[in-house]
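Comments concern the structure below.
Since every read-out is calculated from the coordinates, none of them should be taken as a lab result. Keep in mind that this is a model prediction, so the values were computed, not measured. A quick note on method: Cβ atoms are made from the backbone with ideal geometry, for glycine too, and the neighbour counts reach across all protein chains shown.
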Amino acid sequence: MTRLRAMVLLLMLSLEACMAAAPSSRFDASASNTDAGAVYIIRHLQKAKGDDPALTSEGATNAQRLAAMLADANITAVYATRTRRAMETGAPLAGQIGAQITPYDPRNPDALVAEVAAGKGSVLVVGHSNTVGDLVTRFGGNTAPELTEQDYGTLFMVDEAGNVREFEVE
């Protein structure tokens, strides 16, 4: 009986250690170093078909969810490429914080990094599947995510120490 208790205790401790080490995909603005100038980077959300498509209804709903997630994250600016899908992804948050979306050229990420560095507070940057990984590292992230054309809804937060956290827009 004592041996069984010891095994159960060992199993419980092992499970607790695994749970503590698992990263959280639940966003909590109060626990995310928001007042220190975090950079949040996301690929535009679900898009329709076409040359410069709008967001789908699912994408528009997720843009609202993104704004709600970041409501308490001390965002002071929203940057997006000039594409309709990127602008529509950032629009709900920009409206919520009373700011205009600042367009940026995805072919000149150094200019974006310099502009963000000159500002204060946290920012949201809306990019594309082929630019998000590069943006994460340019903003000091120690790991670069790889996205495909099918990846939507992952929000990356880069803090001042270069730590990268991932959250799902829910």
So what's the net charge close to Ser129: Lys and Arg +1, Asp and Glu -1, counting the other residues with Cβ under 12 Å from its Cβ? -1
Quick one: His44, His128, fewest Cβ neighbours within 10 Å first, how do they rank? His128, His44
Among the DSSP beta bridges whose two residues both lie in the stretch 26-168, what percent are antiparallel, rounded to the nearest 5? 45
Between the alpha carbon centres of the stretch 51-70 and the stretch 97-170 the gap in Å comes to 17
What trypsin sites (Lys or Arg not before Pro) in the stretch 108-170 are in a loop by DSSP, with at most 14 other Cβ atoms within 10 Å of the Cβ? Lys120
